[in-house]
Amino acid sequence: MRLLLDEMHSPAVARALHERGHDVLAVASDPLLRGMSDAELLHHAVQLDTAIVTENIGDFARLTSQWAASDISHAGIIYTNPNRFSRNTGAYPTKLIDALDHFLQHPPVEGTSWVWWLQPPP
């Protein structure tokens, strides 16, 4: 499974996950992706067959609902709770890296158009 980290997530997360053997890109490290609208980013992720990791629940929930109503699929959305994975604590990005690493090693979803709320690993 490939992941695309939305702009709010540090490129350090993608680098650390890449070092653990995962295929993860960060919007914040790609000048062509930075500033893209959420709709454009979702279309881009579909072209790459890549799930999006975001805490932008409102916009992506609206988009994925519209897509579902039009029978358009996507590669998946992983929501991160900004309180659980706060960028304002010393635990970030390690806590997010560990949670995504666990998710990628033990994917709880399969297929297309799934939505998952990321949890810290057990």
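Quick one: Cα centre-to-centre distance for the range 74-122 and the range 3-48, in angstrom?
14 Å
For the chain, what is the Kirkwood estimate of the hydrodynamic radius, computed as the reciprocal of the mean inverse distance between distinct Cα atoms, to one decimal in Å?
The answer is 14.4 Å.
Could you tell me how many degrees, from 0 to 90 and to the nearest 10, lie between the Cα long axis of helix 38-48 and the main elongation axis, the longest principal axis, of the Cα atoms of the chain?
So the helix axis and the longest Cα principal axis differ by about 80 degrees.
For every other residue with a beta carbon closer than 15 angstrom to the beta carbon of N88, add +1 if it is Lys or Arg and -1 if Asp or Glu, then tell me the sum.
+2
For a protection proxy built on the mean count of beta-carbon atoms within 10 angstrom, sort 107-118, 42-53 highest first, please.
Listed from highest to lowest mean packing, they are 42-53, 107-118.
Which value, in debye to the nearest 20, gives the size of the charge dipole of the range 2-117 about its Cα centre, when Lys and Arg are +1 and Asp and Glu are -1 at the Cβ?
Here the size comes out at about 320 debye.
The numbers here are math on the coordinates, done by the rules we state, and not lab data. These figures come from a predicted structure and were not determined experimentally. Because the Cβ atoms are built from the backbone with ideal geometry, glycine has one as well, and the counts that use them run over all protein chains shown.
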